[in-house]
Amino acid sequence: MSNNKKVFVSGCYDMLHSGHVAFFKEASQFGDVYVGLGSDKTVADLKGRHTINSEQERLYMVKSIKYVTDAFVNSGSGIMDFKNELEELQPDYFVVNEDGYSPTKKELCNSMGIELKVLERIPDAGLPARSTTSMRTGDNCTLPYRIDLAGTWIDQPYVSKYHPGWAITLSLEPVIEYNERCGMSTSTRNAAKKIWPYYLPLEKPQKLAEILFKFENTPGSTLISGAQDAIGICIPGLVRHYYDNAYWPKQFESVHDENILDWLEDHLFMVLLWPRPAGTDLLKETYINPENVKALADAADGAWQAILNKDLSEFSRYFKRSFEAQTTMFPAMLNQEIEKVIDSYKDQALAWKLAGAGGGGYMILVDDQQPKGSMKIKIRRRETGL
């Protein structure tokens, strides 16, 4: 029953499923629900793919749901494509799921006097959890993502030539469809789709990583993508790889112990910032020297040992040190907007870093409990076959 409050929600809502309906139902408990849909162009820009259903079809279906008062296609672009509609509607609440929260949305709502409510993804009436990602591809037909935990950038010879060291990556199941240009190795993942359109083969993951690395970096490439992206996608679990003035690592070590992987899932969380702006030049100013690269390598060593010991305090310390080493060498990873978000989490998390090369993307948080507005991760195990 309407209480005359206005509720705004926004999303793609492609391949409508029970999870979407449950979300609209829960949102309707706060008032009349108005839905802003991302345009076909916005979805393509953010997700790197075309929608299954056009914006006209998606609009027709969403409007047909009884929990929805009205729906429209957002007029803007990017992750804030709804800004014009929000200003016109002036809702009382903006409702999002955990993976739809971002500090930028929170800041906008605060400036407009709108209450931002973050809901958990809970299936309705005993139904199984659903996601558009799983429906689009089916079981075992979707490629992993990766996050870098420590030491990364050392997979570039122009870094490791000053001091050898390990990079640590974690392979993730695609429980959500992460945005493009957000530090989740989406460009390498898109290259992988050309070789394996639906799923990775199960055998010889290290060899698969090498194939992917060579496929993405064709002879004559002027900018070589680091091997850590291909390795994080192709090799399941927790992996570290050792670089010494070469593009391909000399050693690999993997962890598949369930206790350690569960521990990481309990203490690593992610928050969406925004896609890295086009034209961002991370190499315009660098401070790559033996002292700074050694700090990066030492931080990765400390982080690895802390993970094996499941020592949260030490892991947080070296996780933060690794990020500090990265941003010391590549200051363009940070900007005032990112530093502002980091400041907002300093009282909520033990440590933080940006996924990937920075400039935007996802922020990875370490803490003993899930920070408000963050989402959990799901580590890809060997047994899943993904």
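Residues of region 323-364 that are of a type in the set (D, E, K, R), under 19 Å from residue 287 (Cα atoms) and assigned to a loop (DSSP other than H, G, I, E, B): none at all. Identify the residue in region 219-233 that is in a loop (DSSP other than H, G, I, E, B) and among the small types (Gly, Ala, Ser) and, among all such residues, is surrounded by the most Cβ atoms within 10 Å (Cβ to Cβ). Among them, the one singled out is 226.
Only residues that are in a loop (DSSP other than H, G, I, E, B) and closer than 9 Å to residue 143 by Cα were counted in region 187-202, giving 5.
Residues in region 7-38 that are over 28 Å from residue 278 (Cβ atoms), crowded, with 18+ Cβ neighbours inside 10 Å and small (Gly, Ala, Ser): 19, 22, 27, 28, 31.
Of the residues in region 324-340, how many are farther than 17 Å from residue 289 by Cα and of a type in the set (Asp, Glu)? Of the residues in that region, 2 qualify. Could you tell me whether residue 201 is at pLDDT 95 or above and either surrounded by 15 or more Cβ atoms within 10 Å (Cβ to Cβ) or on the phi < 0 side of the Ramachandran plot (or both)? So residue 201 fails the test. Given the condition within 25 Å of residue 224 (Cα to Cα), in contact with a strand residue (DSSP E or B) (Cβ under 9 Å, 6 or more places away or on another chain) and without any contact (Cβ under 8 Å) to a residue 40 or more places away in the chain, answer yes or no: does some residue in region 334-348 qualify? For region 334-348, residues within 25 Å of residue 224 (Cα to Cα), in contact with a strand residue (DSSP E or B) (Cβ under 9 Å, 6 or more places away or on another chain) and without any contact (Cβ under 8 Å) to a residue 40 or more places away in the chain: present. Within the set 284, 320, the sole residue that is in the same structural domain as residue 214 (by TED's automatic domain parsing), in a helix (DSSP H, G or I) and out of contact with any Gly (no Cβ under 7 Å at 6 or more places or on another chain) turns out to be 320. Annotation note: of 158, 162, 145, the sole residue that is within 30 Å of residue 292 (Cβ to Cβ), at pLDDT 95 or above and exposed (fewer than 15 other Cβ atoms within 10 Å of the Cβ) is 158. For a quick check of your reading of the model, give me the residue pairs whose first member lies in region 13-30 and is of a type in the set (D, E, K, R), whose second is crowded, with 21+ Cβ neighbours inside 10 Å and not in a helix (DSSP H, G or I), with beta-carbon atoms closer than 6 Å and at least 6 apart or on different chains. Here the result reads 14/51, each pair linking region 13-30 to a residue that is crowded, with 21+ Cβ neighbours inside 10 Å and not in a helix (DSSP H, G or I).
Screening 41, 63, 47 for residues that are surrounded by 16 or more Cβ atoms within 10 Å (Cβ to Cβ), not aromatic (Phe, Trp, Tyr) and not assigned by TED's automatic domain parsing to the domain that holds residue 174 leaves exactly one candidate, 47. Selection of first residues in region 256-275 that are in contact (Cβ under 8 Å) with a residue 60 or more places away in the chain and acidic (Asp, Glu) and of second residues that are part of a strand (DSSP E or B) and crowded, with 21+ Cβ neighbours inside 10 Å, restricted to Cβ pairs under 9 Å at least 6 apart or on distinct chains, gives the following pairs, ordered by first then second residue: 265/379. When 35, 43 are checked against the criterion of being of a type outside the set (Gly, Ala, Ser) and part of a strand (DSSP E or B), 35 stands alone in meeting it. Of the residues making up region 104-126, those that are crowded, with 16+ Cβ neighbours inside 10 Å and either without any contact (Cβ under 8 Å) to a residue 24 or more places away in the chain or in a loop (DSSP other than H, G, I, E, B) (or both) are 109, 114, 116, 121.
Filter region 69-103 for residues that are aliphatic (A, V, I, L, M) and either surrounded by 19 or more Cβ atoms within 10 Å (Cβ to Cβ) or outside any strand (DSSP E or B) (or both); which is nearest to the chain's Cα centre (by Cα)? This residue is 79.
Flag set for residue 299, criterion: touching a residue at least 24 places away in the same chain (Cβ under 8 Å) and assigned to a helix (DSSP H, G or I). When residue 310 is tested against (1) of a type in the set (D, E, K, R); (2) at negative phi; (3) in contact (Cβ under 8 Å) with a residue 24 or more places away in the chain, only condition (2) is not met.
Residues in region 276-285 that are surrounded by fewer than 20 Cβ atoms within 10 Å (Cβ to Cβ) and closer than 18 Å to residue 183 by Cβ were compared, and the one that is nearest to the chain's Cα centre (by Cα) is 277. Kindly evaluate residue 211 against the criterion of being of a type outside the set (Ser, Thr, Tyr) and part of a helix (DSSP H, G or I). In short, yes.
The values are calculated or read from the model by the stated rules, or taken from the named source; none is laboratory data. Bear in mind that the values here come from a model prediction, so they are computed numbers and not experimental data. Note that each Cβ is placed from the backbone with ideal geometry, even for glycine, and that neighbours are counted across all protein chains shown.
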